[in-house]
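Read-outs throughout are calculated quantities, based only on the coordinates presented, and are distinct from any laboratory measurement. Everything quoted here is computed from the prediction, not taken from an experiment. Glycine gets a Cβ as well: all are built from the backbone with ideal geometry, and neighbour counts include every protein chain shown.
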Amino acid sequence: EDEDEDAREEDEDEDAGDAEEEESERASSTREMNERQQRLGRMTACWRRVADAQRGIARACDADVSADVASPTIARLAVAQAHARAGCTFKTCEVVAAYTLRADARMTPGTSLDGLALAPFPRASTTEGKGTPPEWARGVDDALDAAGDDEGRPSPDALEVARAVLRELRAHEEGLARASSSAAEEEAAALSRLTAEQTATARGWLALPIGACSMHLTHPLSMTSACGYVEYTNFVRGFVGALDWVFVDGGDDDGGKGRRGGLRATNATAAPPLDALTAETALPNSEFPSDHIPMVADLEFASE
C-alpha cells in the first residue's frame, strides 16, 4: 500500500510539473504574440506617417529643434530625441516615425526612409495609394519584387523595411495558426476543469483564458444592439468596420408578458450617408471631427 501511495504521489507531482510547464509555455507564447502584434501596429502607423509626409498628404513636421541639432555631426538618436522633447510622436512626426520604424525593423539608426511612399505595403491588395497600408494579410508576397514605377523606385532602406514588415506578418500568421489549431481542444480541457461549485458561483459569468490568444466568455444577459447592426462605425483609409456599439440588456422573460428589469431602445441616430464620409477621402473630416461615427440611442426601462 505504501508503494502504491508513493507511486500515486509521484504521478501527481509529475502531472503538476507538466501542467506548470504547459502554463509557462502558454504564457511565453501569449507574451510573444502580444509583443509582435504591438510591433506590427506601431510599424504600420510609422509607415503611414512617413509615406503620407512624402506624398504631401500629411504636413511635414515643423518642430523647432534647431537649438538641439545645430551640429552637423550630431547622432541620429539625438535628432529623434530632440523631436520627442518638442512633443513629437511617431503618429505626428515623420522623423520620429522613421527612427521608430527603422528600430522595429532592426536596421541601423536613422531619421529618414527615402522613397517609402513608392514601396507597396506588404500584402497590399492593389498598388493604389502606395505607402498607405490597408488591412493586414491581403494580396500576395511578391509585390516587393516589382516595386517602383515612372515616379522612381523605393530606396534600399525602404525595401528593407518592407521586407521586415513582411517577416513580422508571416510570423504573426504562423502564431495565429498554431493558436487556432489547438484552441478547441484547450477550450474543452479548460471547461472540463471547472467544478460544479465554480460554475454555480459564476452565475453565468465566465472568462477563461484559452491558449495564447483566445478566451471563453459567457454571460447571462440578453443583449441587443440599441442602434441596430450597422456595416461600419469606423471609416478611415485602409479600414472600414463596425467597432462601436450600444448594447442593452432586455432583462428576464416574464412568460411572454415582456422584459422585466431591462432596457429597450426607443430611438437611435441614423447612420450618415456614405457620400458624407467619403467627401474628404475618409474620417475625420470637416463635418465629423472623429474617425468614429457617434452611436446614440434613447433608452427606457422595459415595462413589467
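With θ taken as phi - 60° and the coefficients 6.51, -1.76 and 1.60, list the Karplus ³J(HN,Hα) couplings across segment 239-251 in order, rounded to whole Hz; mark glycine and proline as x.
These are the phi-based 3J(HN,Hα) values: 7, 9, x, 8, 10, 10, 9, 10, 9, 10, 9, x, x Hz.
Expressed as a whole number of Å, what is the distance separating the alpha-carbon centroids of segment 211-235 and segment 276-304?
When both Cα centres are located, 18 Å separates them.
Within the set of other residues whose C-beta is less than 13 Å from the C-beta of Ala58, count the net charge using Lys and Arg as +1 and Asp and Glu as -1. Display every interim value, and only then the final one.
Working: positive: Arg48, Arg49, Arg55, Arg59, Lys91, Arg237; negative: Asp52, Asp62, Glu94.
Every neighbour counted, the sum reads +3.
Do any chymotrypsin sites (Phe, Trp or Tyr not before Pro) in segment 152-233 lie in a loop, going by DSSP, with at most 11 other beta-carbon atoms within 10 Å of their beta carbon, and if so which? Let's see the in-between values first.
Working: sites: Trp205, Tyr229, Tyr232; in loops: Trp205, Tyr229, Tyr232.
Answer by residue number: Trp205, Tyr229.
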